[in-house]
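Remarks on the structure that follows.
The values are calculated or read from the model by the stated rules, or taken from the named source; none is laboratory data. Bear in mind the structure is a predicted one, so any value in this text is a computation, not a measurement. Backbone-built Cβ (ideal geometry, glycine too); neighbour counts: all protein chains shown.
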Amino acid sequence: MKTAIIILILLLVIGYILAALYLYINQRSMIYFPHSGPSDSHDTTFEIESDGHSLKGWMVNPGQHEAIIYFGGNSERIEANIEVFQSIFPHYTLYLLNYRGFGESDGEPTEAGLYQDALAIYDHLKTRHMQISVIGRSLGSGVATWLAASRKVKNLILVTPFDSAKEVAQKAYPFFPMSLLLKDKHDSWSRAKLIDSRILMLIASDDMIITREHSDRLAQQFKPEQIEVVVIDDATHNTISTHQEFSQAMKNFMQ
C-alpha cells in the first residue's frame, strides 16, 4: 500500500511538471492567434520597418492634422474597423497596424516585438501629425498602455482591457505559478502611473474572457479625473463593438 501511494504521488508530480512544461513551451500560441496573408476586403495602404521586419497596415482619412493609432486584439482582423472608424473619427487620420506575424507583416509576435512595433509607428508619425492618440483593444490595450507610458499620447482609449496577462493567466490556471512560467506579461497595471493621457475605458458587462475585475483593477490605477469608464450592457468581449454605445462613447470622448 505504501509503495502504491508513493508511485501515485510520483505520477502526480510528473504529470504536474509535464503540464507546466507544456504551458511554458506553448504559451505564445495560446496568447497570439495571428492570421496570415492579405485581407479579403481591403488592400494594405502603408508599410513601415521595425527592427528589420516589414509591417503593413491601413491608413484611414488621410491628410488630417491629428492621428489615431489602433492596436487590435490577439486574433482580430483589424481592417474590419475601417468603415466604422471613418464614421466615428472623420477629423483624424487613423493607422491600423498589423502586428508582426499578423496579416502581411512578417516576423513572430512577442511582447517585446509588439512594443518595438508600437514605437516604430509612433516615431514614424510624430513628425507628420500635430498630436497622436491611441486605441487598444484587448491584447492591444497592453500595447497601447506601454506606448502611452513611453511616448506623449494625447488620448488613450482602452477597449476590454486587462490589468496584466499574468493575472489573467493565473486565474485561468490557478494551480500553476504563472508569474514564473509566463514570458509575455503585458503588465499594464504597473505602468499605469506613468501615463498622463486622458483615458476612456470601455468594458463589456458580460465579458467572460477579460472578466470585470481585471478591467476594474487597471482603472483604479489611474487618477479619477484622468479616466472615464463606460460599461456597455449586454455586451461580450467579442460583441462590444457592435453596440451603438461603443461608437457613441468614443465619438463623445474624442470630440
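Filter the helices (runs of 4 or more DSSP H) completely within segment 151-255 down to those with at least 2 residues that are in contact (Cβ under 8 Å) with a residue 40 or more places away in the chain and within 20 Å of residue 69 (Cβ to Cβ).
188-191, 244-254
Just one of (1) buried (at least 17 other Cβ atoms within 10 Å of the Cβ); (2) over 25 Å from residue 24 (Cα atoms); (3) in contact with a helix residue (DSSP H, G or I) (Cβ under 7 Å, 6 or more places away or on another chain) trips up residue 251, so point out which.
Exception for residue 251: condition (1).
When you look at residue 198, is it touching a Lys or Arg at 6+ places or on another chain (Cβ under 8 Å) and either surrounded by 14 or more Cβ atoms within 10 Å (Cβ to Cβ) or among the aliphatic types (A, V, I, L, M) (or both), yes or no?
Considered against the rule, which asks whether it is touching a Lys or Arg at 6+ places or on another chain (Cβ under 8 Å) and either surrounded by 14 or more Cβ atoms within 10 Å (Cβ to Cβ) or among the aliphatic types (A, V, I, L, M) (or both), residue 198 comes out as yes.
Any idea how many residues of segment 47-65 are of a type outside the set (A, V, I, L, M) and out of contact with any helix residue (DSSP H, G or I) (no Cβ under 9 Å at 6 or more places or on another chain)?
8
Can you find, within segment 28-38, the residue that is modelled with the lowest pLDDT among those that are assigned to a loop (DSSP other than H, G, I, E, B) and under 20 Å from the mean Cα position of the chain (by Cα)?
Ranking the qualifying residues of segment 28-38, first place goes to 35.
If we keep just the residues of segment 77-135 that are among the β-branched types (Val, Ile, Thr) and not in a helix (DSSP H, G or I), which is surrounded by the fewest Cβ atoms within 10 Å (Cβ to Cβ)?
Only one residue tops the list, namely 127.
Which residues, counting only those in segment 81-110, are of a type in the set (A, V, I, L, M) and under 16 Å from residue 57 (Cα atoms)?
82, 94, 96, 97
If only one of 57, 73 is under 30 Å from residue 180 (Cβ atoms) and either outside any loop (DSSP other than H, G, I, E, B) or in contact with a Gly (Cβ under 9 Å, 6 or more places away or on another chain) (or both), which one is it?
Checking each option against the conditions leaves just 73.
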